[in-house]
Amino acid sequence: MEEKSSTRTRRIIIRLSETEYRGYFLLAQNLGTTRARLFRGMVREALELGPDLITQDMKIISEGVYQLAAVGRNLNQELRAMHSGQLQGEPAHIALIEQLKERVTRLEELWIKAIKRSRNRWVPGI
């Protein structure tokens, strides 16, 4: 979890070559983040404090949460129908449950990729 900015009381001043600075500036710009957040992300990942996800990755996770909620609603409707006796585990419904399981597995894969992408972005050589 990210610390509140009010707890960020330490500053670091570093010197970079012109090429390093331009690369760092462009990297932050391309990732849609600030230079400070980019540096904090690199430090957090090097210290294994967890990912510092950027907007692109948060969109993937937010969309996944939305889809997972939809999957949960569908599954809940199916289970209610089964428990009320309206369904007897018909093949079509079993197939739907398998499809739901596959969607959840795919969401999990997307989330893991987003987190790994974040980690690789901040820590070179991983």
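The values are calculated or read from the model by the stated rules, or taken from the named source; none is laboratory data. Bear in mind the structure is a predicted one, so any value in this text is a computation, not a measurement. Virtual Cβ from ideal backbone geometry, glycine too; neighbours counted across all protein chains shown.
Applying a threshold of 7 Å to beta carbon distances and a minimum spacing of six or more residues, or different chains, the list of pairs starting in the stretch 107-126 at a residue that is over 22 Å from Ala36 (Cβ atoms) and at pLDDT 65 or above and ending at one that is of a type outside the set (D, E, K, R) and surrounded by 12 or more Cβ atoms within 10 Å (Cβ to Cβ) reads Leu107/Gly64; Leu107/Gln67; Leu107/Leu68; Leu110/Ile60; Leu110/Gly64; Trp111/Ile61; Trp111/Gly64.
A quick yes/no check of all residues on (1) modelled with pLDDT of 80 or more; (2) surrounded by 16 or more Cβ atoms within 10 Å (Cβ to Cβ); (3) over 30 Å from Leu16 (Cα atoms):
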{"site": "Leu49", "(1), (2), (3)": "no, no, no"}
{"site": "Asp57", "(1), (2), (3)": "no, yes, no"}
{"site": "Val65", "(1), (2), (3)": "yes, no, yes"}
{"site": "Arg73", "(1), (2), (3)": "yes, no, yes"}
{"site": "Met82", "(1), (2), (3)": "no, no, yes"}
{"site": "Gly85", "(1), (2), (3)": "no, no, yes"}
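Residues that are over 16 Å from Lys116 (Cα atoms), among the small types (Gly, Ala, Ser) and not in a loop (DSSP other than H, G, I, E, B) within the stretch 27-63 comprise Ala28, Ala36, Ser62, listed in sequence order.
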